[in-house]
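The values are calculated or read from the model by the stated rules, or taken from the named source; none is laboratory data. Predicted model, so just to flag it, every value in this text is computed and none were measured. Don't worry about glycine lacking a Cβ; one is built from the backbone with ideal geometry, like all the others, and counts go over all protein chains shown.
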Amino acid sequence: MAEIIDGKKISAEIKEELKEKVASLKSQGIEGCLAVVQVGDDPASCVYVRNKKKACEYIGIKSKSYELPAETTQEELLKLIGQLNEDASVNGILVQLPLPSHIDEKTIINGISPKKDVDGFHPESVGSLTIGQPGFVSCTPAGIIELLKRSHVNIDGKNCVIVGRSNIVGKPMALLMLRENATVTITHSHTKNLQDICKTADILIVAIGKNKFITGDYIKEGAVVIDVGIHRDENNKLSGDVKFDEAEKKASLITPVPGGVGPMTIAMLMYNCVKAMTGMKD
């Protein structure tokens, strides 16, 4: 039976460390401020934004909130981002996704200054990650690395299979695992023999967006299983991309849903905010 990786506990440890760092920076006269921009009132986005503001308050940095109506134009949003780019009191800018359909997300992400891109989505941030230069790293993949390291998982030389190739999780995850000297395979909807490939994984990271898609038959005995998916059923019960009860019997370590990867995303956002306070130094 697998040991459960407690993302809540590990994220709380990281936030405590950041709280100390922020206090130390404040004693040197360095303040932090995250600008959070939300367009429309999508219920899930409202919850995420509230959690991000609470996390800022907890570690001791300010947050500025911009709640814009759903009919806000792309030009109006870009104008606000331009003002925040120029505002020296703001270290980080976060535009909550998804945006309404009349706004192009790519254009908005590209409009944020790479120096304030705490989500790690800007092409310059992604390019820096690709060639190993300093920069902001997408929060969910960065959080997964912390989960593995703080659970004493040795990544060096291990076979890592990533299910999913999104720009937000799959691709940056592969780059981070390469940085840690894993041998990485990325799989996706066109992959042949997915089950056979997954069974080669010492570390299996699943971010496919399909509820309980990965069953016990996909998992090698003793593998580490990281489930990035999150799905809500008609009874409001949460589950992931992995069929937990089957996977738990095969894996050595596994993340639950909820309480696994989710809390780490906000912890690493706070990590990036503190990094922004120090001019990108860790």
Checking the condition out of contact with any strand residue (DSSP E or B) (no Cβ under 6 Å at 6 or more places or on another chain), within 30 Å of residue 152 (Cβ to Cβ) and of a type in the set (Ser, Thr, Tyr), which residue from 113, 11, 27 passes? 11
With respect to residue 93, is the statement that it is in a loop (DSSP other than H, G, I, E, B) and not basic (Lys, Arg) true? no
Taking interchain pairs and intrachain pairs at least six residues apart, which have beta carbon atoms under 7 angstrom, with the first residue in the range 46-74 and closer than 16 Å to residue 15 by Cβ and the second among the hydroxyl-bearing types (Ser, Thr, Tyr)? 53/63; 53/65; 56/63
First in the range 139-162 and of a type in the set (D, E, K, R), second anywhere and surrounded by fewer than 19 Cβ atoms within 10 Å (Cβ to Cβ) and modelled with pLDDT of 95 or more, Cβ under 6 Å, 6 or more apart: 156/181
Testing residue 1 on (1) surrounded by fewer than 16 Cβ atoms within 10 Å (Cβ to Cβ); (2) assigned to a helix (DSSP H, G or I); (3) modelled with pLDDT under 95, one condition comes back false. Which one is that? (2)
Residues of the range 245-266 satisfying the condition of being farther than 27 Å from residue 15 by Cα and touching a residue at least 24 places away in the same chain (Cβ under 8 Å): 246, 247, 248, 249, 250, 251
Those residues that are within 14 Å of residue 266 (Cα to Cα) and either among the aromatic types (Phe, Trp, Tyr) or assigned to a strand (DSSP E or B) (or both), I need them from the range 24-58; list them, please. 34, 36, 48, 58
Quick one: how many residues across the range 97-108 are under 19 Å from the mean Cα position of the chain (by Cα) and surrounded by fewer than 20 Cβ atoms within 10 Å (Cβ to Cβ)? 5
Counting residues that are not assigned by TED's automatic domain parsing to the domain that holds residue 177, which helices (runs of 4 or more DSSP H) fully inside the range 188-282 reach at least 2? 262-277
Is it true that residue 89 is touching a Cys at 6+ places or on another chain (Cβ under 8 Å), surrounded by fewer than 16 Cβ atoms within 10 Å (Cβ to Cβ), over 27 Å from residue 227 (Cβ atoms) and not hydrophobic (A, V, I, L, M, F, W, C)? yes
Just need a number here: residues in the range 119-137 that are touching a residue at least 40 places away in the same chain (Cβ under 8 Å) and either more than 18 Å from residue 166 (Cα to Cα) or basic (Lys, Arg) (or both). 3
In the range 59-90, the residues that are assigned to a helix (DSSP H, G or I) and in contact with a Lys or Arg (Cβ under 6 Å, 6 or more places away or on another chain): 59
Only one of 10, 81 is crowded, with 16+ Cβ neighbours inside 10 Å, of a type in the set (A, V, I, L, M, F, W, C), within 24 Å of residue 260 (Cα to Cα) and not assigned by TED's automatic domain parsing to the domain that holds residue 254. Can you tell me which? 10
Just checking, does the range 214-223 include any residue being polar (S, T, N, Q), over 13 Å from residue 247 (Cβ atoms) and modelled with pLDDT of 95 or more? no
